[in-house]
1. Test Thr296 against the criterion of being surrounded by fewer than 24 Cβ atoms within 10 Å (Cβ to Cβ), touching a helix residue (DSSP H, G or I) at 6+ places or on another chain (Cβ under 9 Å) and either hydroxyl-bearing (Ser, Thr, Tyr) or without any contact (Cβ under 8 Å) to a residue 12 or more places away in the chain (or both), and give yes or no.
2. Here is a check on your reading of the model: is Met339 under 23 Å from Leu29 (Cα atoms), part of a helix (DSSP H, G or I) and in contact with a strand residue (DSSP E or B) (Cβ under 6 Å, 6 or more places away or on another chain)?
3. Considering segment 160-194 alone, what residues qualify as being part of a helix (DSSP H, G or I) and either hydroxyl-bearing (Ser, Thr, Tyr) or open to solvent by less than 20 Å² (accessible area, probe 1.4 Å) (or both)?
4. Pull up segment 136-159, narrow it to residues that are open to solvent by less than 50 Å² (accessible area, probe 1.4 Å) and of a type in the set (Val, Ile, Thr), then point me to the one that is farthest from the chain's Cα centre (by Cα).
5. I need the helices (runs of 4 or more DSSP H) fully contained in segment 376-439, keeping only those with at least 3 residues that are within 20 Å of Gln452 (Cβ to Cβ), touching a residue at least 60 places away in the same chain (Cβ under 8 Å) and not β-branched (Val, Ile, Thr).
6. Within segment 45-123, considering only strands (runs of 3 or more DSSP E) that don't extend past its boundaries, which have at least 1 residues that are open to solvent by less than 30 Å² (accessible area, probe 1.4 Å), farther than 18 Å from Leu237 by Cβ and touching a helix residue (DSSP H, G or I) at 6+ places or on another chain (Cβ under 9 Å)?
7. Mind checking which residues of segment 312-328 are in a helix (DSSP H, G or I) and either on the phi > 0 side of the Ramachandran plot or open to solvent by 10 Å² or more (accessible area, probe 1.4 Å) (or both)?
8. Filter segment 129-139 down to residues that are touching a strand residue (DSSP E or B) at 6+ places or on another chain (Cβ under 8 Å) and part of a loop (DSSP other than H, G, I, E, B) and give me whichever is nearest to Ala78 (Cα to Cα).
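The values are calculated or read from the model by the stated rules, or taken from the named source; none is laboratory data. Please read all numbers here as calculations on a predicted model, not as lab measurements. Here the Cβ positions follow ideal geometry from the backbone for every residue, glycine too, while neighbour counts run over all protein chains shown. What goes into the accessible areas is simple: the full protein's heavy atoms, side chains included, and nothing from ligands, DNA or RNA. Shrake-Rupley method; radii C 1.70, N 1.55, O 1.52, S 1.80 Å.
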Amino acid sequence: ITVIPKMSQQNKIIIVGAGLCGSLLALRLAQRGHKVTVYEKRGDMRLEEVDAGRSINLALSARGLMALDRVGLKKTIAQSCIPMNGRMIHPLGGESFNSPYSGRPEDYINSVSRSDLNILLLNEADYNDDVTLHFDAPVKEVDLKNASIKYIDPKTKELITDQADIVIGTDGAGSIVRRSLMARTTELLFNYEQNFLRHGYKELSISPKEDGTWRIDKNALHIWPRGHFMIIALPNLDGSFTVTMFHPYGSDIGFDALDTDDKIKDFFEKYFPNLIEYMPDYINEYKQNPVGNLGTIKCYPWQAYGKTLIMGDASHAIVPFYGQGMNASFEDVRVFDDMMDLYGDDWATIFEKFQDARVHNSNAIADLAIDNFYEMRDKVDDKNFMLKRKLEMKLEQAYPEYYSKYSLVTFKPDLGYNDAMIQGRNQDKFLLNVVDQLSDINDVDIEKVFNQLQNLTA
């Protein structure tokens with residue numbers, strides 16, 4: 001492949017949305033010498049506590065770290081992460097047990113504060129003279145053909161027009177830029193799909209011990225699976241855990257039904273008796289904290305006229321059950337950066353190549369995230385599932401080149417999500433057939449299984 005020079009001239013680029021994806025993108029574009037202006041409808045989280053409307057902490061893994069390395073921040077953010085080596089499963093009425101993410105000790109994911117990471121990216125972008133950040137400045141109109149936007153000035157409240165060479169929307173699941181594409185559905189042949197789970201989420205917390213340490217294992221992602229619902233917990237640097245309750249709306253124990261102190265208390269005492277000892281204020285937190293929706297957005301195309309593009313959640317919002325939402329958005333930035341290496345500032349070509357490289361991969365991780373919801377909720381304490389995981393551990397320990405489906409997605413950032421999904425699903429099907437015939441995992445011929453897997457995935 002002939003590599004075209006990175007940039008023939010400085011371009012002015014408008015980015016709509018200063019979240020994780022937009023901040024990383026602004027920083028990278030400025031590092032490449034472009035003039036970047038960012039518009040964010042919310043306030044500056046560095047100056048005030050701004051409700052981002054999203055989870056407090058996130059799982060940062062290899063794909064996200066690879067993108068952060070591109071802007072020189074991988075080592076810096078690692079200092080603010082807590083490694084999680086596996087899942088700690090807490091079955092109802094049984095003993096808790098650890099389920100490692102892989103058979104390789106170097107494979108782990110990281111619990112990271114969403115706000116700390118976003119603030120780091122904003123600061124790094126702000127240090128660059130080629131980045132201008134506007135907060136409390138909601139974009140109201142996007143001219144797709146002419147790469148201009150109209151936004152509300154935070155001081156005068158007037159509608160102001162800004163013009164650029166290109167506009168990129170990284171403004172989340174409710175993207176105004178995507179809605180502008182949708183407004184030209186017929187002209188652009190724009191396809192849009194939105195699906196909500198019949199479950200929502202509510203955040204609670206586990207407080208630190210009096211000495212500031214963690215009440216439960218800090219190097220694990222904790223799961224309390226209960227069939228049609230579950231609770232998970234991720235560690236924070238201050239000794240606390242962010243607890244997220246994934247729960248149906250309906251039924252006699254759903255979010256809609258748990259509307260009194262007694263009902264909340266009875267529910268937690270029945271289904272999470274060993275958890276509530278760590279959460280003395282869980283009833284008040286439950287009543288005060290809102291319920292959020294869980295949805296998937298797929299669409300195509302992601303660009304219009306070679307002037308306007310969407311990426312991140314604006315183009316592919318997913319549910320959080322593979323821990324890949326942020327990582328997939330960061331990977332967007334890395335792949336976009338690769339396209340600029342190949343095509344300079346030929347934005348029309350970059351946009352086309354970028355969307356075609358990403359759409360199948362983003363659709364794949366969206367589907368995998370739904371699959372993992374049912375796996376985490378229903379199967380992590382299932383006998384056959386646990387046998388399959390033990391077999392995967394043995395394979396990964398014996399053969400470093402073998403990766404389970406989870407590992408393909410999480411620990412092989414050079415493999416696209418779509419290829420990881422296809423290969424991983426084939427492996428799962430094969431291994432579950434093996435497990436169905438086992439009475440003792442130690443009786444299995446690991447070398448024979450590995451050879452058969454190699455033939456299957458060749």
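1. Working: surrounded by fewer than 24 Cβ atoms within 10 Å (Cβ to Cβ): yes; touching a helix residue (DSSP H, G or I) at 6+ places or on another chain (Cβ under 9 Å): yes; either hydroxyl-bearing (Ser, Thr, Tyr) or without any contact (Cβ under 8 Å) to a residue 12 or more places away in the chain (or both): yes.
Judged against the criteria, Thr296 is a match.
2. On the way: under 23 Å from Leu29 (Cα atoms): yes; part of a helix (DSSP H, G or I): yes; in contact with a strand residue (DSSP E or B) (Cβ under 6 Å, 6 or more places away or on another chain): no.
When the stated conditions are applied, Met339 does not pass them.
3. Filtering segment 160-194 for residues part of a helix (DSSP H, G or I) gives 176-182, 185-188.
Across segment 160-194, the qualifying residues are Val177, Arg178, Ser180, Leu181, Thr185, Thr186.
4. Step one: list which residues in segment 136-159 are open to solvent by less than 50 Å² (accessible area, probe 1.4 Å), which gives 137-139, 142, 144, 147-149, 151-153.
If we keep only those that are of a type in the set (Val, Ile, Thr) as well, we get 139, 142, 149, 152.
On the way: Val139: 24, Val142: 26, Ile149: 28, Ile152: 30 Å.
Within segment 136-159, the match that is farthest from the chain's Cα centre (by Cα) is Ile152.
5. Numbers: elements: 383-398, 405-411, 417-436.
Here the list reads 383-398.
6. Details: elements: 57-60, 82-84, 86-89, 97-100, 109-113.
By residue number, 86-89, 97-100.
7. Filtering segment 312-328 down to residues in a helix (DSSP H, G or I) leaves 313-316, 325-328.
Answer for segment 312-328, where residues must be in a helix (DSSP H, G or I) and either on the phi > 0 side of the Ramachandran plot or open to solvent by 10 Å² or more (accessible area, probe 1.4 Å) (or both): Asp313, Gly325, Met326.
8. Within segment 129-139, the first condition is being touching a strand residue (DSSP E or B) at 6+ places or on another chain (Cβ under 8 Å), and the residues that meet it are 130-134, 137-139.
Filter again for part of a loop (DSSP other than H, G, I, E, B), leaving 130, 137-138.
Working: Asp130: 26, Ala137: 32, Pro138: 32 Å.
Taking the candidates together, the pick is Asp130.
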